Amino acid sequence: TDWSGAGTSDNPWIIGSAEELKGLANMVNAGTTYSGEHFRMGADINLENYAWVPIGGACTLDAMTGVPIGAHFDGVFDGYNYTISGINVSNPASGTGAYGLFGYVGSGGVLANMSVAGSLNMGTLKINQIGGVVGYSQGSLYNLHSSVTVYMNDTSCEASMAGGIAGVVENLNSSTTL
């Protein structure tokens, strides 16, 4: 990735394009959590030309608890009041984890100051956590806005937890500040 910055609170990584955001998703989904690192958006980003794989979406769900395990984001992502539009997730693979712009945010993660727009079409699969901004968060969420349409056709009536901002929030970190 070619982000400018150093990943610190005073000099965060700057993400200003769809390619740079996709780079973050690829790195997190490959196992880099970015624990303690800081990111800030530098511009509005349009994802309409991408079949979006959520940042931290390469997780699986624990069969007993339904809690995601595996790839997750544990850094600080400040949207700096910019918008990410055109998000499109359609008919995801069976047995995968959480869905939204971010899939799974760990207990050290912070998402703040952004708007998200687009659509999440889950089809007929049993998908557990779905949110416009984040599917499952154990971290902190601040000043988030969603204009994401979530489509589900869960005919089993046993599956999904969905929300406009977050599907599930299990905040394990109430002391985090930006």
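Working from the Cα coordinates of the range 32-81, the gyration tensor eigenvalues give, after taking √(5λ), semi-axes of 25, 16, 8 Å in decreasing order. Less than 13 Å Cβ to Cβ from MET41, Lys/Arg counted +1 and Asp/Glu -1: what total charge do the surrounding residues give? Net charge in that neighbourhood comes out at -2. Computed over protein heavy atoms with a 1.4 Å probe, the accessible surface of the range 1-150 works out to 39 Å² per residue. Each Lys and Arg Cβ is given +1 and each Asp and Glu Cβ -1; about its Cα centre, the chain then shows a dipole of about 220 debye.
Ignoring ligands, DNA and RNA, what percent of the 1.4 Å accessible area of the chain is carbon and sulfur? Accessible surface attributable to carbon and sulfur in the chain totals 47 percent.
Projecting the Cα positions of ASN49, THR32, GLY66 onto the charge dipole of the range 1-77 (unit charges on Cβ atoms of Lys, Arg, Asp and Glu, taken about the Cα centre) puts GLY66 furthest along the positive direction. Remark: the range 4-98 carries a charge dipole of roughly 160 debye about the Cα centre, counting +1 on each Lys and Arg Cβ and -1 on each Asp and Glu Cβ. Taking 0.36 nm per residue of separation and subtracting the Cα-Cα distance, full extension of the segment from ASP44 to ALA63 would add 3.1 nm.
By DSSP, the beta bridges lying fully in the chain are antiparallel in about 10 percent of cases. Farthest toward the positive end of the dipole of the chain, out of VAL110, SER85, GLY167, is the Cα of GLY167, where the dipole comes from beta carbon charges about the Cα centre. Per residue, the convex hull spanned by the Cα atoms of the chain amounts to 95 cubic angstrom. Spin-label model, GLU170 to ASN121: label points 7 Å out along the Cα-to-beta-carbon direction sit 3.1 nm apart. With the helix formula -39500 (n - 2.57) applied to DSSP H stretches of n ≥ 4, the chain reaches a computed 222 nm mean residue ellipticity of -2000 deg cm²/dmol.
For the chain, the longest principal axis of the Cα atoms and the long axis of helix 18-29 meet at an angle of about 70 degrees. If you plug the beta carbon distance of GLU19 and TYR142 into 1/(1 + (r/R0)^6) with R0 = 22 Å, you get a FRET efficiency near 0.25.
The values are calculated or read from the model by the stated rules, or taken from the named source; none is laboratory data. All figures in this text were calculated on a predicted structure; none of them were measured in a lab. Don't worry about glycine lacking a Cβ; one is built from the backbone with ideal geometry, like all the others, and counts go over all protein chains shown. Accessible surface is based on the protein model in full, side chains and every heavy atom, while ligands, DNA and RNA are left aside. Shrake-Rupley method; radii C 1.70, N 1.55, O 1.52, S 1.80 Å.
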